[in-house]
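Take a look at the structure below.
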Amino acid sequence: VEETYIMVKPDGVQRGLVGEIISRFEKKGFKLIGLKLFQCPKDLAEEHYKDLNSKPFFPKLIEYITSGPVVCMAWEGAGVVASARKLIGSTDPLQAEPGTIRGDLAVQTGRNVVHGSDSPENGKREIGLWFKEGELCQWTPAQAQWLRE
Ligand code: GTP
Ligand code: MG
């Protein structure tokens, strides 16, 4: 089953947007299977964003992600990776559509409040990176029959 790694970045935590951001995925109907507040160490940030390590903004990105606690989440559901990316909106919040998290709540790429995995493979990879075994919960939401026929 498809899983995605969603993270409220340090600016989202500092700005008090944690509840709002969790709420959007919760209301949509995806299943939360992991959740924690966490101070990210530098090596983990570098591993998470390793595909971007040749970019000029990489040092600033690592500084940003490790600058305060983040909220780590694992969400599950058919189609959750692409749908979460749509809910999050474009990387540049000024280009992100109103109604999306970045479109509604952010103004700059370097402070875009939330992360979402870009493929099902990366969803699994990132959940493995950020969560230990035993931190994820398998459960049956009571509303399941009202979400899917
Ligand atoms: P994530 O969900 O965080 O992975 O964002 P994304 O998939 O929309 O964008 P991408 O993976 O290309 O970049 C990862 C993160 O690096 C972005 O969310 C930004 O926080 C940061 N970033 C990307 N491009 C730039 C840039 O040009 N300048 C700065 N300062 N940060 C950037
Ligand atoms: Mg990305």
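No lab work stands behind these numbers, since they all come straight from the coordinates. Since we're looking at a predicted model, the values are computed, not measured. No Cβ is skipped: glycine too gets one built from the backbone with ideal geometry, and neighbour counts run over all protein chains shown.
Normalised by the number of residues in the chain, the average gap of Cα pairs under 8 Å and 6 or more apart makes the relative contact order 36 percent. With contacts taken as Cα pairs under 8 Å and at least 6 residues apart, region 27-113 reaches a relative contact order of 27 percent. For the set Lys27/Lys60; Lys31/Lys55; Lys9/Lys86; Lys27/Lys55; Lys28/Lys50, the pairs lying more than 28 angstrom apart at their alpha carbons are Lys27/Lys60; Lys31/Lys55; Lys27/Lys55; Lys28/Lys50. Counting only the Cα atoms, region 17-67 fills a convex hull of 117 Å³ per residue.
Helices in the chain, meaning DSSP H runs of at least 4 residues, each add -39500 (n - 2.57). Divided by all residues, the mean residue ellipticity at 222 nm is -10500 deg cm²/dmol.
Using the Cβ of Leu17 as centre and a radius below 13 Å, the other residues enclosed give a net charge of +2, where K and R count +1 and D and E count -1. Mean projected area of the Cα convex hull of the chain, taken over all directions, amounts to 8.8 nm².
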